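The values are calculated or read from the model by the stated rules, or taken from the named source; none is laboratory data. Being a predicted model, the structure only gives us computed values, none of them experimental. Don't worry about glycine lacking a Cβ; one is built from the backbone with ideal geometry, like all the others, and counts go over all protein chains shown. With ligands, DNA and RNA removed, areas are computed over all heavy atoms of the protein, side chains included. Shrake-Rupley method; radii C 1.70, N 1.55, O 1.52, S 1.80 Å.
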Amino acid sequence: MPKQILVLGGGPAGGAVAIGLRRMGYPVTLVSEPRPFDAVEGISERVLAGLKGAGFYKALQTVAPASPRQVTWNGQTSAANTEHLIVRPVFDAALLQDLISHGIELVRGRIRRQLSADGRYVVEVETSDGTVECQGDFLVEARGRAAPASGIPRVQGSKTLSLLQYWQGPEGPARSAVQSFTEGWAWMAQRADGRRYLQLTLDAGSTELPAKQALGDWCRRHLERLEQAHPFIEGAEPVGDVHARISTPVLCERSAGDSWVRVGDAAMAVDPLSGNGIFQALSSALQAPAVVNTLLQSPERGELARHFHEQRIEGLFYRFARIGRDFYAQESQWPDQAFWRKRRSWPDNQPLHTDVIPQQVSIDRRPVVRDGIITEAEVVITPDQPLGIWHLNGIELAPLLRRVRAQPERSAGDVLNDALGDSRGTQLALWMSQQGWL
Ligand SMILES: Cc1cc2nc3c(=O)[nH]c(=O)nc-3n(C[C@H](O)[C@H](O)[C@H](O)COP(=O)(O)OP(=O)(O)OC[C@H]3O[C@@H](n4cnc5c(N)ncnc54)[C@H](O)[C@@H]3O)c2cc1C
């Protein structure tokens, strides 16, 4: 009898793990309630590919075509970018429809309490028909930033708050814009139907905010000072209350146990500046089914699987944190303002990329995913890729690098052509040189 999986939270991360495990043949129950607020977010082309790979076909149909994005940063404006806007309540509702199509049991409601009984996970869920209990042998925690994390040590960046105000104006082409200002940065988006989402991201520790009822005027005053905001607010009016979202970067230092994993924002949440939240949620979730499968089918490899999961979550977190740091450091107009001072040097001063030299390249065994199970394989490790590179277009790299190193008198292309039995070796030798391996 396959073990029952219980997934808490039906955003992109919980949904992707649920589909992945269902595809492996596990019975999956997913419990979720809609987010309590409206929001628009921007995603890139590569997220579309990730959503397709994960099986979110109905959710993909709700994504708007690419629209222009203007960025004003450090006093310079660029209009080279585009992004796809998604209306989260609509996108999230379609995502739940996808789950049903994949054969996942969906329970709509608010998780009130988590209990444990006889080694099983049990949660109490408040649904529109009353309170029900849902159970599973394995728990996937994917309730986003709202997921309880008591007892789990966490790494946190500077406390950050995003204030979101909705405006309504005439219909017009969809678009978005970003602009930095003294106390933070603004992201502004307009849907084709005239609804606008104006978001100010601020340092929660140093910004003095007014009382709740005065927040709307406070946001409006700040927006009026921003040149990029003008096209969004002219001829439009705010609608409803300001909504505050916590956007502090946070990493849970434990994200897997013998019978549970955390994925998506519940495992680590990044600064919204990178616009990569959904991408990282999917990245952490796409590898998780193999981790869960290993913990359930090959418990003797449990430590390897947990290590694999936690290392990847941590790697993603620091990569996005450093991308954010470097982008914040490009803004030099207000070096003494707390917002900018704190963010341009966090989480560390390690470069995002380092030039690799052959002496730094080694071969070692590391956990990898093979046929849905975490196992160990030889990989090539560099300062840029500490978790190692296993394959390139289906070709295992470590044995080939070893062959090249064993025959220093021959050209790498010749060695690799011989090893592969065709002329792909010449291309591969060039690639290895470009990576700094040779
Ligand atoms: C201000 C801000 C702006 C952002 N902008 C962008 C952007 O432009 N682009 C981008 O890619 N990312 C953006 N993000 C990040 C993005 O929202 C998240 O990274 C992403 O949604 C994480 O996916 P997830 O599945 O882990 O969690 P979520 O999408 O948060 O899903 C969690 C689900 O669990 C449900 N849930 C929570 N608690 C309970 C409970 N007790 N009972 C039942 N259900 C529950 C929630 O309602 C939700 O449906 C932004 C984040 C913030 C804070």
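A single entry from Glu105, Glu126 fulfils the requirement of being open to solvent by 70 Å² or more (accessible area, probe 1.4 Å), of a type outside the set (Ser, Thr, Tyr) and within 11 Å of the ligand (Cβ to nearest atom): Glu126. Exactly one residue out of Ile246, Ile278 is within 16 Å of the ligand (Cβ to nearest atom), of a type in the set (A, V, I, L, M) and open to solvent by 50 Å² or more (accessible area, probe 1.4 Å): that is Ile246. Among the conditions (1) surrounded by fewer than 18 Cβ atoms within 10 Å (Cβ to Cβ); (2) outside any loop (DSSP other than H, G, I, E, B), Gly151 misses just one, which is (2). Against the criterion of being more than 30 Å from Pro148 (Cα to Cα), modelled with pLDDT of 95 or more and open to solvent by 20 Å² or more (accessible area, probe 1.4 Å), Arg370 qualifies.
Is it fair to say Ala236 is within 15 Å of the ligand (Cβ to nearest atom) and either without any contact (Cβ under 8 Å) to a residue 40 or more places away in the chain or more than 20 Å from the chain's Cα centre (by Cα) (or both)?
no
The number of residues in the range 411-438 that are surrounded by 13 or more Cβ atoms within 10 Å (Cβ to Cβ), among the charged types (D, E, K, R) and over 37 Å from the mean Cα position of the chain (by Cα) comes to 2.
The set of residues in the range 196-209 that are touching an Asp or Glu at 6+ places or on another chain (Cβ under 9 Å) and at pLDDT 95 or above comprises Tyr197, Leu200, Thr201, Leu202, Asp203. Inspect all residues belonging to the range 252-270 and state whether any of them is away from the ligand (no atom under 16 Å from the Cβ) and closer than 21 Å to Ala39 by Cα. No, the range 252-270 has no match at all. Of the candidates Glu171, Glu183, the single residue that is in contact with a strand residue (DSSP E or B) (Cβ under 7 Å, 6 or more places away or on another chain), modelled with pLDDT of 95 or more and open to solvent by 10 Å² or more (accessible area, probe 1.4 Å) is Glu183.
In the range 150-174, the residue that is nearest to Asp217 (Cα to Cα) out of those that are within 18 Å of the chain's Cα centre (by Cα) and more than 9 Å from the ligand (Cβ to nearest atom) is Gly157. Residues in the range 78-105 that are free of Cβ contacts under 8 Å to residues at least 40 places away in the same chain and more than 14 Å from Lys58 (Cβ to Cβ): Ser78, Ala79, Ala80, Asn81, Thr82.
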